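Below: one structure, written as structure tokens.
The values are calculated or read from the model by the stated rules, or taken from the named source; none is laboratory data. What you see is a predicted model, and the numbers here were worked out from it, not measured in a lab. With ideal geometry, Cβ positions are generated from the backbone for all residues, glycine too; neighbour counts draw on all protein chains shown. These accessible areas exclude ligands, DNA and RNA; they are computed on the full protein's heavy atoms, side chains included. Shrake-Rupley method; radii C 1.70, N 1.55, O 1.52, S 1.80 Å.
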Amino acid sequence: MVSSVQPEPFRIRMVEPVRLPDASEREKALERAHFNMFGLAAREIYIDLLTDSGTGAMSKYQWAALLCGDEAYAGADSFYALKESVREVLGFDYVIPTHQGRAAENVIFGTLLKAGDKVPFNMPFDTTRAHIFNAGAEPVECVIEEAYDPSAVLPFKGDVDIGKLEDVINREGKERVPLIMVTVTNNSGGGQPVSLKNLREVSRVARKHGIPLFLDAARMAENAYFIKIREREFSSMSVREILRAMMDTADAIAVSCKKDPLVNIGGMICCRTEKMYHTLLPRVILYEGFATYGGLAGRDLEALAVGLREMTDEAYLGHRVAQVEYLAGLLDEAGVPFVKPAGGHAVFVDAAAFFPHIPRLKFPADVLSVEVYREGAVRGIGLGTLAFENEDEVTGEIIPPKLELYRLAINRRTYTNSHIEYVASRIIDVYKRRHKVKYGLEIVEAPEVKGLKHFLAKLHPVSL
Ligand code: F0G
């Protein structure tokens, strides 16, 4: 065995039973779900790696904090507890709670973007992209070219190509670029980190042009951990110090707190100036709630205040990254192609290489999600043409994105290493019979809203 197992740095004192549905139940479930993983019921799944969002286990300290929730409509103690934690861990003076990450995106993009604007990114995630479209604007991917090559092994495949970024700003003019956003880690590109050196360069470009730099910081602690272990000049700093240094590059951050901050629900915007804070608040009040709770209960704010501190624990982060790597190592031994190196929160199987005989417009990543569920009631998700298609502006023709990935997102502090071994074995079994998978998927019905098809599409197998 190439991969060494790192034991869990926690004990489990509360358990949630899970059950493996038999093959005929799985077939029925697939039909009922219209072959879309979002259509499955959780009870039909044994190991659920659909997402690492809101699916983690809270610590006993977080559960204890829930009891301290102050539910005052305005100015609750719980808001001040969160503000204090943000100041301590991230160094921002202003905090706006939101109900989750995309709510923060709605507030930021809905307030700052106008039709025709461009937002340079390394890469946006699906809902982030959809929110930018919804504001009439467009994201422009500026990630380094190697990010599109699953087999290229680089320590910081989430980095922004500074040349591409400068080109966008020069081409569009800075009045058409109201903000720059960098996703840490880069989820759409395989959970790949961004180096501190690169964040500082992006920050310099942003300042030079007078454009605010936002981080999409859902997985900021995992990113900081990768910097510690991969970026030599910062290896003697603690994850906390690195995280602060990352934050120091940005004017503001949008956070889905359902990821690294270890809560089941919650999001936030943090910023440095009163001006930015007051610019964003009206939309918070319209869509989320008053400025000091933003769609969350006081108890949620308390759990988040604790989670923000816990997410920087290096024993926890070390195990987390090792667990993802363990899954990647097991797949690698069997020759299964995936994005290398393994990401911080997930393994992204290269579905285009796994099923080269399935045309991109027949959604190979989603076929893989169906086959892995069929094999062992494991749910992952396709992040390929169905989720990230582009349309030719003139002909309306569908253009597949550069990557066709199938993601296995590891829930935080939830599954054990033996669950991971089970998942690997199911995927390897599908890999062994991959040539016998002779169908693709077609859309029977899907919503017209740009960027959201994959959540609601009804699909149907068609033979090749
Ligand atoms: N930004 C990134 C990088 C994300 O991965 C997500 C969500 C969001 C923003 C939106 O946050 O879900 O709290 O509204 N990603 C999840 C995923 C859903 O499965 O990767 P949200």
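Observations on the structure shown:
- Residue within region 396-416 that is open to solvent by less than 10 Å² (accessible area, probe 1.4 Å), part of a helix (DSSP H, G or I) and out of contact with any Cys (no Cβ under 6 Å at 6 or more places or on another chain) present: no
- Test result for R219, basic (K, R) and buried (at least 19 other Cβ atoms within 10 Å of the Cβ): yes
- Looking at P337, P282, just one residue is open to solvent by 20 Å² or more (accessible area, probe 1.4 Å), under 21 Å from the mean Cα position of the chain (by Cα), over 20 Å from Y61 (Cα atoms) and at pLDDT 95 or above, and that residue is P337.
- None of I427, I443 is away from the ligand (no atom under 16 Å from the Cβ), part of a strand (DSSP E or B) and of a type in the set (A, V, I, L, M, F, W, C) except I443.
- Selection count, region 165-175, where residues are of a type in the set (K, R) and surrounded by 15 or more Cβ atoms within 10 Å (Cβ to Cβ): 0
- Here L20 clears all of (1) surrounded by fewer than 15 Cβ atoms within 10 Å (Cβ to Cβ); (2) under 24 Å from the mean Cα position of the chain (by Cα) except the condition numbered (2).
- Single residue of K258, K228 found to be assigned to a helix (DSSP H, G or I) and either more than 16 Å from the chain's Cα centre (by Cα) or closer than 15 Å to L304 by Cβ (or both): K228
- The single residue among G307, G343, G329 that is assigned to a loop (DSSP other than H, G, I, E, B) and surrounded by 18 or more Cβ atoms within 10 Å (Cβ to Cβ) turns out to be G343.
- Residue among S53, S78, S59, S85 that is within 16 Å of the ligand (Cβ to nearest atom) and either under 30 Å from I12 (Cα atoms) or touching a helix residue (DSSP H, G or I) at 6+ places or on another chain (Cβ under 6 Å) (or both): S53
- Counting only strands (runs of 3 or more DSSP E) that sit completely within region 109-210, those holding 3 or more residues that are touching a residue at least 12 places away in the same chain (Cβ under 8 Å), closer than 25 Å to L405 by Cβ and not charged (D, E, K, R) correspond to 118-121, 180-183.
- Answer residue from region 98-125, given it is open to solvent by 10 Å² or more (accessible area, probe 1.4 Å) and charged (D, E, K, R) and is farthest from the ligand (Cβ to nearest atom) among those: K114
- Extreme residue, farthest from the ligand (Cβ to nearest atom), among residues of region 240-254 that are part of a helix (DSSP H, G or I) and surrounded by 24 or more Cβ atoms within 10 Å (Cβ to Cβ): L243
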